[in-house]
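Notes follow once the structure below has been shown.
The values are calculated or read from the model by the stated rules, or taken from the named source; none is laboratory data. These figures come from a predicted structure and were not determined experimentally. Here the Cβ positions follow ideal geometry from the backbone for every residue, glycine too, while neighbour counts run over all protein chains shown. The accessibility values were calculated without ligands, DNA or RNA, using every heavy atom of the protein model including side chains. Shrake-Rupley method; radii C 1.70, N 1.55, O 1.52, S 1.80 Å.
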Amino acid sequence: MQFFSVSRRRTDAFPPEAFTADLIAQEGMRVKELYASGLIRQVWARGDTPGAAILWEAGSEDEVRAAAHSLPLFKAGMLEIVVLVPLKPYAGFGPPK
């Protein structure tokens, strides 16, 4: 099953210097691990605010949340999931009913 999440960095609660190069590098490494495992299918940086939009492939919402909670920024309280949406196939591509 696929899920779509939108997250944002908590720049309202943390100053810019809190988002250190080392922490961001750790975040990138963890995202690469989740991508290599197949949990992350695609990832985009948000264009409106610091954060990401991610297409996940997982058996359940709990699996997605556990993976998101493993991200270093999330563990540090510096990232929040704004929305997490389960996706289903678009019926318009199937046979007519």
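State the answer as a single residue: which of 85, 67, 34 lies farthest towards the positive end of the charge dipole of segment 1-92, with beta carbon charges of +1 for Lys and Arg and -1 for Asp and Glu, about the Cα centre.
The Cα lying farthest towards the positive end belongs to 85.
How much length is gained if the chain between residue 83 and residue 1 is pulled fully straight, taking 0.36 nm per residue apart and subtracting their Cα-Cα distance, in nm to one decimal?
27.9 nm
How many nm is it between the label spots at residue 60 and residue 17, if each spot is 7 Å from the Cα in line with the beta carbon?
The two pseudo-label positions are separated by 4.4 nm.
If I take the Cα coordinates of segment 23-97 and project them onto the principal axes, what are the three extents in Å, biggest first?
51, 28, 19
Sum -39500 (n - 2.57) across every DSSP H segment of at least 4 residues in the chain, then divide by the residue count to get the 222 nm mean residue ellipticity, nearest 500.
Value at 222 nm, helices only: -9000 deg cm²/dmol.
Rolling a 1.4 Å sphere over the protein heavy atoms, what is the accessible area per residue of the chain, to the nearest Å²?
Per residue, the chain has an accessible area of 64 Å².
Extension gain residue 49-residue 91, at 0.36 nm per residue separation less the Cα-Cα distance, in nm?
Value of the extension gain: 11.9 nm.
With every protein chain left in place and a probe of 1.4 Å, what is the accessible surface of residue 80, to the nearest 10 Å²?
Surface accessible to solvent at residue 80 totals approximately 60 Å².
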